[in-house]
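The values are calculated or read from the model by the stated rules, or taken from the named source; none is laboratory data. No experiment lies behind these values; they were computed from the predicted model shown. Note that we place each Cβ from the backbone using ideal geometry, even for glycine, and neighbour counts take in every protein chain shown. Calculation scope for accessible area: heavy atoms of the full protein, side chains included, ligands and nucleic acids excluded. Shrake-Rupley method; radii C 1.70, N 1.55, O 1.52, S 1.80 Å.
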Amino acid sequence: MSITDPLIGKRLGDYLIEGILGTGGMARVYRGYDDNLDRYAAIKVIEPQLIASAEEDEYRERFLREARAIARLNHPPIVGVYQFNQIGNLYYIAMDYIEGRNLRDILKSYIKQDKMMPTAELLLVLRDIADALDYAHRQSIIHRDVKPSNIIVTEEGHAVLTDFGLALNAVEGTIGN
């Protein structure tokens, strides 16, 4: 995404949007800065054209369900949520900003070098994600979208699970497709 993104340089709630971190089917994720608390956050913004559609309530509910699912989880290998809010027709979730790279990009770089990820590195990532999933399942939350692009690996090699957009509360069931 180019620098011409309309949110870059704008304020969204407490956050000054500095740049884009990634895009997905439903949302864009930005790096934002909260000058009141002097911290960065990952700001996930639902795509406005989805909100403008006839299914606005469904998308808003799905986004809110993601925020609530993450907010219930307090565990180091799971991204933390700061807030869920709406400004105009934009819905957003502010979450921990995790310094690192997503596992998809890491794996691609190994493939490009015709190498395999070192076993010790791989085991650390697998242990962290298994721990995150075990914890979430004990809280009756099922992630349903575990994939390399939803895993951030820190400089220390620890993995953090992100993107609970398809999360299912096993107690309540789901209203998603």
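Screening ILE51 against (1) modelled with pLDDT under 75; (2) of a type in the set (A, V, I, L, M); (3) open to solvent by 80 Å² or more (accessible area, probe 1.4 Å) leaves a single unmet condition, (3). Return the only residue of ALA132, ALA120 being open to solvent by 70 Å² or more (accessible area, probe 1.4 Å) and of a type in the set (Gly, Ala, Ser). Only one candidate passes the filter, namely ALA120.
Of all residues in the stretch 66-92, those that are modelled with pLDDT under 90 and assigned to a loop (DSSP other than H, G, I, E, B) have Cβ atoms under 9 Å from Cβ atoms of residues that are among the acidic types (Asp, Glu) and open to solvent by 40 Å² or more (accessible area, probe 1.4 Å), 6 or more apart or on another chain, in ASN89/GLU56. In the set LEU16, LEU37, only one residue is at pLDDT 80 or above, surrounded by 14 or more Cβ atoms within 10 Å (Cβ to Cβ) and among the aliphatic types (A, V, I, L, M); that residue is LEU16. Of all the residues in the stretch 93-123, those that are of a type in the set (Val, Ile, Thr) and part of a strand (DSSP E or B) number 1. For the stretch 60-95, what are the residues that are in contact with a Lys or Arg (Cβ under 9 Å, 6 or more places away or on another chain) and of a type in the set (Asp, Glu)? Matches in the stretch 60-95: GLU66 only.
In this structure, is ASP57 on the phi < 0 side of the Ramachandran plot, in a helix (DSSP H, G or I) and surrounded by 14 or more Cβ atoms within 10 Å (Cβ to Cβ)? No: the conditions fail for ASP57.
Looking at the stretch 55-65, which of its residues are of a type in the set (D, E, K, R) and touching a residue at least 60 places away in the same chain (Cβ under 8 Å)?
Scanning the stretch 55-65 gives GLU58, GLU61, ARG62, ARG65.
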